[in-house]
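Below is one structure; the comments refer to it alone.
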Amino acid sequence: MTAFYYLSEVEQGGETAFPAADGAMSPDEAMALREPAAEGSGLVVKPELGAALLCYNHDAEGRL
């Protein structure tokens, strides 16, 4: 599991992107993206002061 804790707000950028979320694309396609947040697919989380984000890096079988 990975945890992000946002220590500041920014005017532009800084998003955490999960382009393969909800099957928007394959993990291999997502890993090949140069700017995942700019793609607009899947889930994009904007940084907000004091917010936290938890995510699993692997599924129950250990796959990415």
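The values are calculated or read from the model by the stated rules, or taken from the named source; none is laboratory data. Note that the structure is a prediction, hence the values are computed from the model and not measured. Counting neighbours? That spans all protein chains shown, and the Cβs are built from the backbone with ideal geometry, glycine included. Just so you know, the surface numbers come from the protein's heavy atoms only, side chains and all, with ligands and any DNA or RNA stripped out. Shrake-Rupley method; radii C 1.70, N 1.55, O 1.52, S 1.80 Å.
Among the residues of segment 36-48, write down those that are open to solvent by 60 Å² or more (accessible area, probe 1.4 Å) and either within 23 Å of residue 5 (Cβ to Cβ) or touching a Phe, Trp or Tyr at 6+ places or on another chain (Cβ under 9 Å) (or both).
If the condition is that a residue be open to solvent by 60 Å² or more (accessible area, probe 1.4 Å) and either within 23 Å of residue 5 (Cβ to Cβ) or touching a Phe, Trp or Tyr at 6+ places or on another chain (Cβ under 9 Å) (or both), then 43, 46, 48 are the ones that fit.
Is it the case that residue 2 is at pLDDT 90 or above, under 12 Å from the mean Cα position of the chain (by Cα) and open to solvent by less than 100 Å² (accessible area, probe 1.4 Å)? Give the steps one after another, and end with the answer.
On the way: at pLDDT 90 or above: yes; under 12 Å from the mean Cα position of the chain (by Cα): yes; open to solvent by less than 100 Å² (accessible area, probe 1.4 Å): yes.
Judged against the criteria, residue 2 is a match.
Return yes or no: is residue 24 surrounded by 13 or more Cβ atoms within 10 Å (Cβ to Cβ), at pLDDT below 85, within 21 Å of residue 8 (Cα to Cα) and of a type in the set (A, V, I, L, M, F, W, C)?
On the way: surrounded by 13 or more Cβ atoms within 10 Å (Cβ to Cβ): yes; at pLDDT below 85: yes; within 21 Å of residue 8 (Cα to Cα): no; of a type in the set (A, V, I, L, M, F, W, C): yes.
The answer is no for residue 24.
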